[in-house]
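A.B. asks: Here it is, the structure, as structure tokens.
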Number of protein chains: 4
Amino acid sequence: MRTDDSSQMGGEKETGRLEAFSDAVFAIAITLLVLGIKVPPHMEGVSSWGLLTLLFKQWPSYLAFFLSFISILVIWVKHHNVFTHIKHVDNHFLYLNGLLLLFVTLLPFPTALLAAYIQHEPKVAAVVYSGNYLCIALAFNLLWRYASSDGYRLLGKDMDQGLVVIINRRCNYGLLYTLGSVFFAFVNENLFLAYLLIFLPFNMYPLALWRTNSNSGKNRTHAKPPKSPIA
Amino acid sequence: MRTDDSSQMGGEKETGRLEAFSDAVFAIAITLLVLGIKVPPHMEGVSSWGLLTLLFKQWPSYLAFFLSFISILVIWVKHHNVFTHIKHVDNHFLYLNGLLLLFVTLLPFPTALLAAYIQHEPKVAAVVYSGNYLCIALAFNLLWRYASSDGYRLLGKDMDQGLVVIINRRCNYGLLYTLGSVFFAFVNENLFLAYLLIFLPFNMYPLALWRTNSNSGKNRTHAKPPKSPIA
Amino acid sequence: MRTDDSSQMGGEKETGRLEAFSDAVFAIAITLLVLGIKVPPHMEGVSSWGLLTLLFKQWPSYLAFFLSFISILVIWVKHHNVFTHIKHVDNHFLYLNGLLLLFVTLLPFPTALLAAYIQHEPKVAAVVYSGNYLCIALAFNLLWRYASSDGYRLLGKDMDQGLVVIINRRCNYGLLYTLGSVFFAFVNENLFLAYLLIFLPFNMYPLALWRTNSNSGKNRTHAKPPKSPIA
Amino acid sequence: MRTDDSSQMGGEKETGRLEAFSDAVFAIAITLLVLGIKVPPHMEGVSSWGLLTLLFKQWPSYLAFFLSFISILVIWVKHHNVFTHIKHVDNHFLYLNGLLLLFVTLLPFPTALLAAYIQHEPKVAAVVYSGNYLCIALAFNLLWRYASSDGYRLLGKDMDQGLVVIINRRCNYGLLYTLGSVFFAFVNENLFLAYLLIFLPFNMYPLALWRTNSNSGKNRTHAKPPKSPIA
């Protein structure tokens, strides 16, 4: 509905405010996650060991918090990096960004669901959890494709073509990664968690992977930041 | 009380800080909505199918989240667009904006009310929900009328008259739309929901409607953004 | 402890970041207030009238929300106005501002207390509620006195002396007002609420009162905002 | 995992956005603390004295709120001060900062744990609480060591060497302080609380301690802020 709307593009607005608004939403979503970690209800005469046991039993809450925190952080970094190339904004882009934010603000829900059900009914929880990230990856792809298609619609006219290719590739990689997590969510919850944990560093440092292919960025200096290949 | 106060206008303050504060409030309100979606309380030995059923039964929460998320997003866009024309701020304007923010921060409450009662006692919930949006539309109108009346009180002296007419029309349209939703809330909850969903795209792209009338904005370039007709 | 610390002043930091941080805290505190308004727990087969009655019975929540929302808004405006005159910041000032923010972030608690107990055990709730505002007024006074004392310590060297006198007076007025609300909290809860509601407009437009004394600000233009007498 | 990653440094991004995002997270974490203070559940016919007693019985909530509020404020000040020296950012730094924010957003959890269990099973609660601060201090050290090592990696080339030594010392001091709090958490909860309260002012004014050693910063003027020795 949103993406095939073929009305004229709206006037350009500053990307600054949109990015500031998005940053605030990311910051709040990442901070609300902690509300999913509950203090064990107080039991009269609980021992040190008893309380420790109660706290350890909540490991799914800590794991879910950790996974979602890092994930939102990674999405924020990617969002931030892509936005450094966005030179103007139109109404379609704004609502595509809103679609992305919708699924980001939703995250505390599947996070709490995963924490509550990973031990008892993991399949549904894992599928919903990974499905939310799939939606985020899809929205992110739509956002980038819309901005970069049709003659670099919202990018600077001097945008580096090689960079667009790299970002395209990275968007595809993100989509593949989340599709993989949906797949493992259907297969087995332990494989699912292992998959998420193993791929965390690769999500955090995707550029390390691509840097081996392209030797750009070797001769950079501190004084003048060159056109950066990260996105 | 606030609007008919006829005291002298206070000194001018930067619109920047007011807009940043408003943006933060919008961002927090939009992110708090997710707290209305609860994880189904854990039941021992629930099956995959059982959990899925529990999750599907919560559709009013998802629908209410979705409707309120998009609505706040649309209000934020309109707020942001109107503020691009505001050149100075006085104390009346500041409190009119505060009135608007009051009803925006209230939104999580009628949203949760709608989610809880749409299936059981929909009329009251729908009327309160749409009533809150009516209050927002009224506050928005007051804000704009105050800023634009009395010789473009808070707008730039070079403000395009045609643009003011367009924003006026759009404010009237917003008021009519929310009045319509209050009407349907009284009539029938299904018509009410259908009305909200059908009009979502029109709220998101009001400019598409007006663009057919005015052919402005055809010959714009990327380099120099012209005076934008969106508001 | 904080205020009589006589250590050397720390280096100057930008007021911008401090104000942005404070604004974020204000925005979050004002938006969290809505969490104090609960949806009536769903009762099977409740009628429209029954739900309306349940909603009306929650009037203390709405009233407390309204009072605290406007109060935080007014404090934000005052904070913002005072900060327009702050030219540098030191560590003492930073912690005095932190003290102010501490009591601002606390506000959702006495607000919820007032909503829960105004009908049943109003005295304690009203005293705690007004006591919190007294602490805010005290912290605000400390903040301003520290900034303006000792040869306009943190103000610009060209600060208008008459303006300092006006802000001093307004700080005293704020202190008196909150002392009054503590007094009425001890006397009677209805007088207390009446006092708060009657004085709301005066808190919102204090400058209207002072403007009649000083005729400054009459011959201002839109282009160059003069040194503003609001604080 | 994060720190020994030896991939090439990513391109430089503006420190501004990172600091704004961090500030928002600090502001939200500090404001969410109040959600840990609950209104005593309403009891029919409670007397003024009874409600007061209920409120006084919640002193651990108020104490935990106060301790965590001041601690986050102090961490924010330190974070802010260190960032004034950061001239560029790379991906490692970004995730080290994310690690710091992770433990900051976690704080409402150990704060609520401390409030709930300090009277009944204090050891575990105090160890978890102080352990969280230890993690924050460790993350802060990593952040600073990474930025300042390898030829002032992310600092300006003209960074004052003496200043780096002072910040190093202060990072060590912070680590020692949190190690001390973990120690006292194991020993006795009263000593633990006394330790935290006694050291609060030293955490707030560390510079007062160092200023006696170094006489720098004596001959500064208001007009041109010199290179500030606070960090």
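A.B. asks: From the set of residues in the range D:175-221 that are touching a Gly at 6+ places or on another chain (Cβ under 9 Å) and in a loop (DSSP other than H, G, I, E, B), which is modelled with the lowest pLDDT?
C.D. replies: Looking at the filtered set, the residue picked out is D:Arg220.
Rundown of residues vs (1) within 25 Å of D:Met204 (Cβ to Cβ); (2) out of contact with any helix residue (DSSP H, G or I) (no Cβ under 9 Å at 6 or more places or on another chain); (3) within 14 Å of chain A (Cβ to nearest Cβ); (4) modelled with pLDDT of 90 or more, yes/no style:
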{"residue": "D:Asp4", "(1), (2), (3), (4)": "no, yes, yes, no"}
{"residue": "D:Gly10", "(1), (2), (3), (4)": "no, no, yes, no"}
{"residue": "D:Glu14", "(1), (2), (3), (4)": "no, yes, yes, no"}
{"residue": "D:Ala24", "(1), (2), (3), (4)": "yes, no, yes, yes"}
{"residue": "D:Leu33", "(1), (2), (3), (4)": "yes, no, yes, yes"}
{"residue": "D:Trp76", "(1), (2), (3), (4)": "yes, no, yes, yes"}
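A.B. asks: Follow-up question, since we're still on this one. Output the residue which, of all residues in the range D:56-74 that are buried (at least 18 other Cβ atoms within 10 Å of the Cβ) and at the interface with chain C (Cβ under 8 Å from one of its Cβ atoms), is nearest to D:Leu200 (Cα to Cα).
C.D. replies: Ranking the qualifying residues of the range D:56-74, first place goes to D:Ile70.
A.B. asks: Can I ask one more? Name the single residue, out of those in the range D:78-107 being among the β-branched types (Val, Ile, Thr) and out of contact with any Lys or Arg (no Cβ under 6 Å at 6 or more places or on another chain), that is surrounded by the fewest Cβ atoms within 10 Å (Cβ to Cβ).
C.D. replies: Top of the filtered list is D:Thr84.
A.B. asks: On to the next question. Name the one entry in D:Thr84, D:Thr105 that is touching an Asp or Glu at 6+ places or on another chain (Cβ under 9 Å), touching a residue at least 12 places away in the same chain (Cβ under 8 Å) and facing another protein chain (nearest Cβ under 8 Å).
C.D. replies: Answer to the check: D:Thr84.
A.B. asks: I need every pair where a residue in the range C:184-203 that is free of Cβ contacts under 8 Å to residues at least 12 places away in the same chain has its Cβ under 6 Å from the Cβ of a residue that is in a helix (DSSP H, G or I), sequence separation at least 6 or different chains.
C.D. replies: C:Leu191/C:Phe184
Results for (1) surrounded by fewer than 21 Cβ atoms within 10 Å (Cβ to Cβ); (2) facing another protein chain (nearest Cβ under 9 Å); (3) part of a helix (DSSP H, G or I); (4) among the basic types (Lys, Arg), shown as yes or no for each residue.
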| site | (1), (2), (3), (4) |
| --- | --- |
| D:Phe109 | no, yes, yes, no |
| D:Gln119 | yes, no, no, no |
| D:Tyr133 | no, no, yes, no |
| D:Leu138 | yes, no, yes, no |
| D:Ser149 | yes, no, yes, no |
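A.B. asks: OK, next. Could you grab the pairs with beta carbons closer than 6 Å, sequence gap of 6+ or different chains, first residue in the range D:44-55 and facing chain C (nearest Cβ under 7 Å), second one of a type in the set (A, V, I, L, M)?
C.D. replies: D:Ser48/C:Val124; D:Leu51/C:Val124; D:Leu52/C:Val124
A.B. asks: Of the residues that sit in the range A:174-208 and are closer than 16 Å to A:Ala139 by Cβ and under 13 Å from the mean Cα position of the chain (by Cα), which one is surrounded by the fewest Cβ atoms within 10 Å (Cβ to Cβ)?
C.D. replies: Checked the range A:174-208; the qualifying residue surrounded by the fewest Cβ atoms within 10 Å (Cβ to Cβ) is A:Leu175.
A.B. asks: Hey, can you tell me all the residues within the range A:87-102 that are out of contact with any strand residue (DSSP E or B) (no Cβ under 9 Å at 6 or more places or on another chain) and more than 9 Å from every other protein chain (Cβ to nearest Cβ)?
C.D. replies: Across the range A:87-102, the qualifying residues are A:Leu96, A:Leu99, A:Leu100.
The values are calculated or read from the model by the stated rules, or taken from the named source; none is laboratory data. Values in this document were obtained by computation on a predicted structure and should not be read as measured data. Methodologically, a virtual Cβ is constructed for each residue, glycine included, from the backbone with ideal geometry; neighbour enumeration extends over all protein chains shown.
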